[in-house]
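We did not get these values from a lab; they are worked out from the coordinates using the rules stated. Computed from a predicted structure; not experimentally measured. Cβ coordinates were reconstructed from backbone atoms using ideal geometry, including for glycine residues, and neighbour counts include every protein chain displayed.
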Amino acid sequence: MTDRSESFFWNGQRISFEPADTIAAALERAGVTDFGAGQGPCNARYFCGIGACQACVVSVGGTPAEACLTPAQAGQQVRTLKPVRQ
Amino acid sequence: MRSMDVLVIGGGPAGVAAAAEMARSGLKVTLCEQGGALGGAIHRQPGNPARAVPVPRAQSARWHKLSALLAKTDAEVLTFHAFIGLDATGAVLVEDRRQGRLLVLRVRALVLAVGGLERVVPRPGWHLPGVVTVGGLQVMMKVTGRGPAGSVLLAGSGPLLLAVAAQMTALGAPPLAILERSRQVLSPLRAAPLLLWPRYLAEAAGYMRRLMQAGVPWRLGSSVQTIRPTDDGRLETVIVDGAGAVSRIVVDKVALHDGLRSNSDGLPPAAHATDRNPHVVLAGDCREALGGVAAIADGRNAAQQVIARLTGAPPMSSASRRIVDTERRAQQALANIFDFGIPDLLKLPDETILCRCEGRTVGALRQMLATDDQPSPREIKLNGRIGMGSCQGRFCVEWAGAMLAQQTCSAQPAGAEFIGNRWPSRPVAIRSLLGPAVADAISSIPPNESD
Amino acid sequence: MPHEISPVSDRANSVVIVGAGIVGMSAAYFLSQAGWRVTVLDQGAPASGATGAADGAVSVASKKAGPLMTLAVAGAQFYQDLCDAGVLDGEFVRRLTYVVATEPNELPVLDRHATQLREAGVTLRALSKAERDQALGSLAPTTRAAIEVQGDGHAIGYKVVERFRRIGGFAVKRNVAVQGLWRQAGKVAGVETEQGIERADAVLVAAGRGSAAFLDVADVIRPRKGQLIITERGEGIVPRFPGPLMSCRYLISKGSQPGGDAPAGRSFGLVIDPLQTGQFLIGGTREDSADGSQTDIEAVRRLLQEAVELVPALARLRVLRVFAGIRAATRDGLPIVGRLSAHENVWIATGFEGDGICLGPLMGRVSQQLISGAHVNVDISALNPARFRAEAAA
C-alpha cells in the first residue's frame with residue numbers, strides 16, 4: 001500500500017518513491033523506461049544520470065526538468081514533456 | 001548565504017578536496033553540489049544507507065577520510081545548487097534548484113570541479129529508451145541500492161564495465177555479458193606497464209573474481225553494432241564478436257561506455273583574476289579525466305593555486321602534482337589495453353542519430369561534409385544543428401568533429417570550436433533567473449495541466 | 001523587366017567581395033549569376049559575424065518611417081520573389097508581426113507607428129481585446145493594445161547564406177583577413193590579404209564593422225551590441241502565436257520611434273519570436289559595445305522579465321543559450337550602399353545595423369546592379385556613401 005505522502009503522479013498514474021529518490025529513480029523502480037515524447041524528435045529516457053545529457057527531461061508541475069536531478073515529491077504531477085501525439 | 005572568498009562547484013572528490021584544503025587555510029569557502037548529497041559519480045551515497053552498493057575498501061576509505069576532512073572545516077555546503085556560468089561582469093551564477101532562484105555571486109576565486117563525461121560512440125539505436133550509459137546505470141544503482149531490473153548487456157570499453165558488472169552481480173542482478181571492444185586487455189605485453197599500479201590490478205582482480213563466480217562472460221573483441229526496439233518494448237542488439245561473427249540477442253537494457261573525457265566545453269576557461277573576474281581554476285575530471293585518485297590530488301592542486309593567489313602563501317608541496325602525473329601515466333597504460341579510439345563514423349548508416357537532442361543524423365552531416373568547400377565547426381553547428389540542443393553538444397560535438405576530421409583527413413577540432421564557452425553552461429529555468437518573488441509578482445501562471 | 005542583368009564587358013569580369021555575411025553572399029550569388037567570376041573573402045567563416053547572431057526578422061513592422069521602411073517593404077517582397085523563383089524556397093516564410101503596448105505612454109507610439117506603416121503601404125489592423133485573445137491567447141491581461149502587421153517574414157541569416165553558398169557557383173575563402181585595397185598603375189586591382197594579393201576588376205566591401213577601414217571619413221560605423229536569448233522548445237507549455245511580438249519599447253530602442261529614457265549606452269527593446277523549431281527567441285539589447293562574446297545577467301534578467309510580463313507562460317521554460325552579436329550601425333541610422341567616390345571600381349554595402357537580414361538579399365541584388373552598371377530598381381539615394389563626406393566638409 002502506498003499513501004499520498006510517498007507517491008507522485010506519472011501521466012496521472014501513481015508512482016511510489018523512497019526518501020531521497022529522484023524522479024528518475026522512482027520511475028526506474030516502477031519499470032518506466034520510456035518517458036515519451038521529449039524536446040526533440042527522440043523520446044525522453046534516463047541516460048547519463050548526472051544532468052548532462054538532458055535526455056530525461058520531463059514536465060514537473062508544468063515545467064521541464066531533468067528527472068535524474070529532481071527529487072521526487074509527494075503529490076507532484078510529473079508528465080511526458082509533450083502532449084501525447086496520436 | 002554569507003560572504004565568501006571562494007566558490008567551489010561540484011561535490012565530487014576534486015571539489016570536496018579543494019573545498020576542505022582551502023577552508024583549512026582560513027578562506028571562506030562555499031561548495032555547491034547539483035545533487036542532494038556529496039560524493040560525485042564515484043562516491044555517490046544511497047538515499048537509504050542500509051543499501052550501499054559494495055565498492056572496493058580502499059575507495060570507500062578515501063571518501064570517508066575526505067568527507068571527514070571537509071566536515072571539520074567551516075566550509076558551507078549547498079546541495080541542489082547547479083552552476084550556470086560566469087557572466088561578462090564577473091558574476092558567478094548558480095541556480096538554487098529547490099527554491100527556484102538564481103544566486104548572483106561575487107567571489108575572489110571560482111573552482112570548477114563538475115566532473116567528467118562518459119563517451120558513447122554513436123551507433124544505430126543508441127538513442128532509444130532502455131539504452132543508458134554504464135555510469136548512468138551505476139549512479140542509478142548507487143542511488144536506489146538496487147540492481148537494474150531485467151536483462152542487461154554492458155558494452156563498450158574500459159575498466160568501468162568490469163566495476164559496474166561486479167556491483168550489479170553483488171546486488172543480485174548480474175549482466176548477461178560484458179562486451180569489451182578491445183582484444184588486447186589480457187595481452188601480457190600491453191598490460192605489463194600496469195604492474196606499476198598494483199592498486200588497479202588488485203581492484204580488477206576483485207571484480208573479475210566476482211564475475212567469474214557468477215558466470216558473467218567478459219567477451220573481448222565484441223561490440224554492439226546496432227540496437228533496435230522490439231514490438232514488446234525490449235531491445236534487440238546486433239553483436240559482432242572478435243572473429244567477425246554476428247549474433248543477435250534481445251535484452252531489456254543496454255549500457256554503453258566508450259571511456260571518459262574531460263568536460264570543460266561550456267565552462268569558463270581557467271584564468272587569472274581581473275578587475276571584474278574571479279580567479280578561475282578547473283579541477284578533477286572536468287579538467288582532465290584521470291579518475292578518482294587523481295581528482296582528489298587535482299582538487300588539492302587547485303586549492304593550493306587559489307590559496308597562493310588569495311593569501312600570498314608560497315605554493316605548498318608538489319606531492320599532489322606528482323600524484324596527478326602518476327595517475328595520468330596509469331590512465332595512459334589503461335588506454336593502451338582498452339579501446340578508446342574513434343571508429344570510422346563515416347561508415348555508419350545514414351539514419352544513425354548523431355545528435356539526440358535535435359535528432360540530427362549521421363547522413364545529414366555526411367551530406368553537409370560532401371562538398372569541396374570544407375565547412376568550419378561553426379557552420380556545421382549552425383547549419384547542421386550539431387551542438388544546438390539542450391545538452392549543448394556534450395554528447396555529439398566530439399563525433400561531429402571526428403567525422404569532419406575523417407572526411408577531410410585533418411586534425412579533429414576541439415569541442416569548444418563548436419560550442420564555445422558561453423553561459424548558461426546548462427539549461428536554466430526562466431523562473432529561477434527572474435527569482436520566485438519576481439516570477440510570482442508578474443503573474444500567477446495559468447496552469448496548462450488538466451488536473 | 002526590372003531584374004534584367006546587363007551584359008558584362010570582357011574587361012571587368014572578376015570581383016572580390018570582402019565579407020561572407022548575408023549582404024556579401026547575396027551579392028556574390030547575383031554577380032555570379034550575372035556572369036562574374038566571384039571570390040568571397042572572410043576573416044572567419046560564412047555568417048560568422050552579425051548574420052549568424054541575428055534574430056531572423058524580415059520585418060517592415062519595426063522600421064523607421066522613410067527610406068528604411070520603404071526599402072524594407074521591397075526587401076520582404078524580394079525574399080518572396082526569390083522563394084517563388086526557387087532560389088530561397090524553404091528559407092523564407094511570410095508571417096504576421098504584432099506590435100503591442102502595455103503602458104499608457106506606449107499607446108500614442110503605437111498609433112503613430114501604425115499610421116506611418118499604413119502610409120508606406122503596409123496592411124495592418126488594430127486588434128480588439130477579443131481578437132488579441134484569439135490570435136495571441138498567451139498574452140498577459142495587462143496588454144493594452146496591439147496591431148497585427150502583414151507582409152513581414154522570417155529568414156534565418158546563416159541559412160540564407162548557406163543556401164547562396166551551395167547554389168552560388170563562386171569561391172568562398174575562409175580565414176582570410178583583408179588588409180586593404182591593392183593598387184596597380186594607380187587603379188584598384190584587388191585586395192591585399194595576409195595570404196597575398198587577391199586580384200579582381202572590382203571590389204565590393206560588405207564587411208560589416210570591418211568596412212570602416214575602407215571609408216575615408218572616420219567614426220561613421222559604430223559597433224552596436226545586441227544580446228539575445230533562446231529558450232528550449234515550448235510545445236505543450238507555451239501557447240503558440242503566429243508571429244513575433246514586438247513591444248513599443250522595441251521601436252523606441254531601435255530608434256524607429258522617438259522617446260524613452262534609457263541611460264545612454266544601453267537600451268532594451270523586447271521582441272519575442274516564435275521560432276519554427278518551437279523555441280522562442282527573446283531579444284534584445286542595443287549597446288554601445290564592441291565585445292560580442294560577452295553577455296550579462298542584468299540584461300538577460302531584464303529581457304526575461306519584460307518577456308514574462310507580456311507572455312507569462314514563458315516563465316515555465318528554460319533558457320538554452322544566450323549570445324551577443326555586434327551590429328554595424330551608422331551615424332545617421334541608414335545603411336551605406338554605393339560606389340566609393342575615390343575609386344571607380346570599389347563599391348560598399350554595409351551599416352545595416354539590425355536590418356541586414358531584412359535587406360540583405362535586396363542589397364546583394366542592388367550591389368550586383370551597381371557593379372554591373374545595370375539599372376538599380378530601388379531608390380538608394382539616401383544610402384549614398386558620399387553623404388558623410390559632405391557632412392564632414394560642411
Would you mind getting me the FRET efficiency between residue B:212 and residue A:74? Use the beta-carbon distance for r and R0 = 51 Å, nearest 0.05. 0.70
Rounded to the nearest 5, what % of DSSP beta bridges with both residues in the protein assembly as shown are antiparallel? 65
Would you be so kind as to identify which of B:152, B:124, B:202 lies farthest towards the positive end of the dipole of segment B:107-212, taking Lys and Arg as +1 and Asp and Glu as -1 on Cβ and the Cα centre as origin? B:202
Using every alpha carbon pair in the protein assembly as shown, what percent of pairs falls into each 10 Å bin from 0 up to the bin containing the largest distance? 2, 11, 20, 22, 19, 14, 8, 3, 0, 0
Taking neighbour counts of Cβ atoms within 10 Å as a proxy for exposure, in what order, fewest first, do B:207, C:29, A:46 appear? B:207, C:29, A:46
One point scatterer per Cα, no solvent, Debye formula: log10 I(q)/I(0) for segment C:235-394 at q = 0.12, 0.14 Å⁻¹ comes out as -0.68, -0.86
So if each residue of separation counts as 0.36 nm, and I subtract the Cα-Cα distance between residue B:437 and residue B:346, what length gain in nm does that give? 27.6 nm
When the helix-only estimate is applied to chain A (DSSP H runs of n ≥ 4, each -39,500 (n - 2.57), divided by the residue count), what is the mean residue ellipticity at 222 nm, nearest 500 deg cm²/dmol? -2000 deg cm²/dmol
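Please list A:15-27, C:96-108 highest first by mean number of surrounding beta-carbon atoms within 10 Å per residue. Can you show the working numbers first?
Details: A:15-27: 22.0, C:96-108: 18.4.
Averaged packing, sorted descending, gives the order A:15-27, C:96-108.
How much length would be gained if the chain were fully extended between residue B:71 and residue B:270, taking 0.36 nm per residue of separation minus their Cα-Cα distance, in nm to one decimal? Display every interim value, and only then the final one.
On the way: separation 199, 0.36 × 199 = 71.64 nm, distance 2.76 nm.
So the chain would gain 68.9 nm between residue B:71 and residue B:270.
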Considering only C-alpha atoms, what is the centroid distance from segment A:1-58 to segment B:195-270, in Å? 24
Relative to the Cα centre, what is the charge dipole magnitude of the protein assembly as shown, using +1 at the beta carbon of each Lys and Arg, -1 at the beta carbon of each Asp and Glu, and rounding to the nearest 20 debye? 1860
How large is the helix-only mean residue ellipticity at 222 nm for chain C, computed as the sum of -39500 (n - 2.57) over DSSP H runs with n ≥ 4, divided by its residue count, in deg cm²/dmol to the nearest 500? -8500 deg cm²/dmol
quick note, chain C, DSSP beta bridge pairs, % antiparallel (nearest 5) is 75
Considering only DSSP states other than H, G, I, E and B, which trypsin sites (Lys or Arg not before Pro) in segment B:260-297 qualify as loop sites with at most 16 other Cβ atoms within 10 Å? B:276
Return the calculated 222 nm mean residue ellipticity for chain B, to the nearest 500 deg cm²/dmol, obtained by summing -39500 (n - 2.57) across DSSP H runs with n ≥ 4 and dividing by the residue count. -10500 deg cm²/dmol
Where trypsin sites (Lys or Arg not before Pro) fall in DSSP loop in segment B:1-83, at most 14 other Cβ within 10 Å: B:2, B:72
Relative contact order (percent, whole number), chain B, Cα cutoff 8 Å, 6+ residue spacing: 19
At a Förster radius of 25 Å, what calculated FRET efficiency corresponds to the Cβ-Cβ distance of residue C:177 and residue B:410, to the nearest 0.05? 0.75
Amide H partners (placed H, <5 Å) of residue C:204, local residues excluded: C:16, C:17, C:18, C:347
Projected-area average for segment C:143-249 over all orientations - Cα convex hull basis, square nanometres: 12.3
Please compute, for peptide B:132-140, the average count of beta-carbon atoms on other protein chains lying within 10 Å of each residue's beta-carbon. 6
Once you have the alpha carbon radius of gyration of chain C, what is it after dividing by 2.2 N^0.38 Å, with N set to its residue count? 0.98
What is the average number of partner chain Cβ atoms found within 10 Å of a Cβ in C:309-316? 6
For chain C, the helices passing both cut-offs (Cα extent along own axis of 24 Å or more, Kyte-Doolittle mean at least 0.5, full DSSP H runs) are C:67-84
Cα-projected label distance for residue C:218 with residue B:374, points at 7 Å along beta-carbon direction, nm: 4.1
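So for chain C, averaging the separation of alpha carbon pairs under 8 Å that are six or more residues apart and normalising by length, what relative contact order in percent results?
For chain C, the relative contact order is 24 percent.
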When N counts the residues of chain B, how does its alpha-carbon radius of gyration compare numerically with 2.2 N^0.38 Å, as a ratio? 1.01
Tell me, for chain B, which Cys residues have no other cysteine's C-beta sitting closer than 4.7 Å. B:32, B:286, B:357, B:391, B:409
Residue-averaged beta-carbon neighbours from other chains (10 angstrom radius) around B:354-361: 5
Name the residues whose placed amide hydrogens come within less than 5 Å of the amide hydrogen of residue B:147, ignoring near sequence neighbours (fewer than 5 apart) on the same chain. none
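Sorted from fewest to most neighbouring beta carbons within 10 Å, what does the list B:8, C:220, B:438, C:176 look like?
B:438, C:176, C:220, B:8
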Exposure proxy order (Cβ contacts within 10 Å, fewest to most) of B:249, B:353, C:282: B:249, B:353, C:282
Based on the alpha-carbon set only, what is the convex hull volume of segment B:1-145 divided per residue, in Å³? 145
Relative contact order (%) - criterion: Cα under 8 Å, at least six apart; region: segment A:7-79: 39
Would you kindly calculate the mean projected area, averaged across all directions, of the convex hull enclosing the Cα atoms of segment B:342-408, in square nanometres? 3.9
Fraction of antiparallel bridges per DSSP, chain B only, in percent to nearest 5: 45
Of B:420, B:293, A:70, farthest towards positive along the dipole that unit charges on Lys, Arg, Asp, Glu beta carbons give the protein assembly as shown: B:293
Take the alpha carbon atoms of segment B:413-428, find their center, do the same for segment B:48-113, and report the distance between the two centers in whole angstrom. 22
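So, with +1 on the Cβ of K and R and -1 on the Cβ of D and E, and no other charges, what is the size of the charge dipole of chain B about its Cα centre, to the nearest 20 debye?
1260
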If R₀ is 51 angstrom, what is the calculated FRET efficiency for the pair residue C:240 and residue C:195, using the beta carbon separation as r and rounding to 0.05? 0.60
Hand me the trypsin sites (Lys or Arg not before Pro) from segment A:1-85 located in a DSSP loop with no more than 13 other Cβ atoms within 10 Å, in residue order please. A:85
May I ask for the percentage of alpha-carbon pairs in segment A:7-79 that lie more than 19 Å from each other? 21
